[in-house]
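This report refers to the structure that appears directly beneath it.
The values are calculated or read from the model by the stated rules, or taken from the named source; none is laboratory data. In this text, all values refer to a predicted model and were calculated from it rather than measured experimentally. No Cβ is skipped: glycine too gets one built from the backbone with ideal geometry, and neighbour counts run over all protein chains shown. All accessible areas refer to the heavy atoms of the entire protein, side chains included, with ligands and DNA or RNA removed. Shrake-Rupley method; radii C 1.70, N 1.55, O 1.52, S 1.80 Å.
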Amino acid sequence: MSTPKITARCHPALEPLLPKPVPARRALPDWLREMPSEAPSEVLEGAMVRTVKHCPPFLDALGLGVMIPLACDLHFDKGAVSWHWEVPALPDTLISRAPVGVHVPEQATGAPWQLAVNSVLKFMNFWTLEVPSGWSLLFTHPMNREDLPFRTLSGVVDCDLFRDGYVHFPALWSARDFTGTLPAGTPVAQVIPVQAEAMGLEVGVMDTAQVSANRAVQEELGTETGVYRKRYRR
């Protein structure tokens, strides 16, 4: 049986211009590589503690699924955005030639969002995405990427059926006074495949054997390092 995959396609005239989607594990941020493995803790009077660089769940979230990159450089000056992108006219499609759009603020009426500018930014996506039957795609902000000056809103799309359309990415701009360039290739959405059929939920209490197993795991975690990574991580 073949491994399920996400298939990304773009218009042939755009292929030379667009940064391509990549597995998220290949788009890890520079700060992760540069951060130390250990750091002195002021709270613990200078004792060395391991940083999140040692945390497999944190790292696995960063590397989960696929990243969709920003199509071109965006230049910001205190809320105003501009770009220079030579996109050919495409008479055989209705795709936008602009790399960003906006939602007017009234479309967020009632939502508890703090808008740093007077609209909701929308990153335009120039890739159709297809998954096998029975799968959907979760589109969300790149996980654990609080360094980005925006926060992409999350959504789920049934891309086994909606495989010939574009899914764009509304985002809240969070850096009111940001002036600078958001470079082409910046990850703007993390795409995670999920099975369309929702998993059920059962809530209960541990039996005697499960209580014992739980205690054994907690003792392992309290006396050894790397227990999850060595024994439980795929």
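Keeping every protein chain in place, order Met35, Met206 by accessible area at 1.4 Å, biggest value first, i.e. largest first.
Numbers: Met35 45, Met206 110 Å².
The ordering from most to least exposed comes out as Met206, Met35.
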Report summary line: From highest to lowest solvent-accessible area (probe 1.4 Å; ligands, DNA and RNA excluded), Phe58, Phe162 read Phe162, Phe58
Requested in this report: Report the accessible area of Glu146, computed with a 1.4 Å probe over the heavy atoms of all protein chains in place, in Å² rounded to the nearest 10.
Outcome: 130 Å²
Requested in this report: Between Val43, Val157, Val217, find the one with the highest GNM mean-square fluctuation for the chain; connect C-alpha pairs within less than 10 Å.
Outcome: Val43
Report summary line: At the level of C-alpha centres, the distance separating segment 17-74 and segment 120-153, in angstrom, is 18 Å
Report summary line: Answer in debye to the nearest 20: the dipole magnitude of segment 81-180 about its Cα centre, from +1 Lys/Arg and -1 Asp/Glu charges placed on Cβ, is 240 debye
Report task. Choose one answer from Thr128, Thr186, Thr223: the residue with the largest mean-square fluctuation in a GNM of the chain with alpha-carbon springs under 10 Å. Result -> Thr223
Requested in this report: Report, to the nearest whole %, how much of the accessible area of segment 70-175 belongs to carbon and sulfur atoms, 1.4 Å probe, protein only.
Outcome: 54 percent
Report summary line: Probe 1.4 Å, heavy atoms of protein chains only: per residue, the accessible area of the chain in Å² is 64 Å²
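Explain nothing, just the number: relative contact order of the chain, from Cα pairs under 8 Å at least 6 residues apart, as a whole percent.
Numbers: 373 pairs, mean separation 55.7, N = 234.
It comes to 24 percent, rounded to a whole number.
Just the projected area, averaged over all directions, of the convex hull on the alpha carbon atoms of segment 75-191: how many nm²? Mind showing how you got there, number by number?
Working: hull surface 34.5 nm².
Spelled out: convex hull of the Cα atoms, projected over all directions, averaged, 8.6 nm².
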Query raised in the report: Going out from 0 in 10 Å bins, what whole percent of all Cα-Cα distances in segment 138-214 drops into each bin?
Result: 14, 32, 22, 18, 12, 3
Query raised in the report: Given segment 1-133 reduced to its alpha-carbon atoms as identical point scatterers, what log10 I(q)/I(0) does the Debye formula return at q = 0.14, 0.20 Å⁻¹?
Result: -0.97, -1.22
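State the Kirkwood hydrodynamic radius of the chain in Å, one decimal place, computed from all pairs of distinct Cα atoms. Don't jump to the answer; show the numbers that get you there.
Working: mean 1/r = 0.0479 Å⁻¹.
Every distinct Cα pair counted, the radius reaches 20.9 Å.
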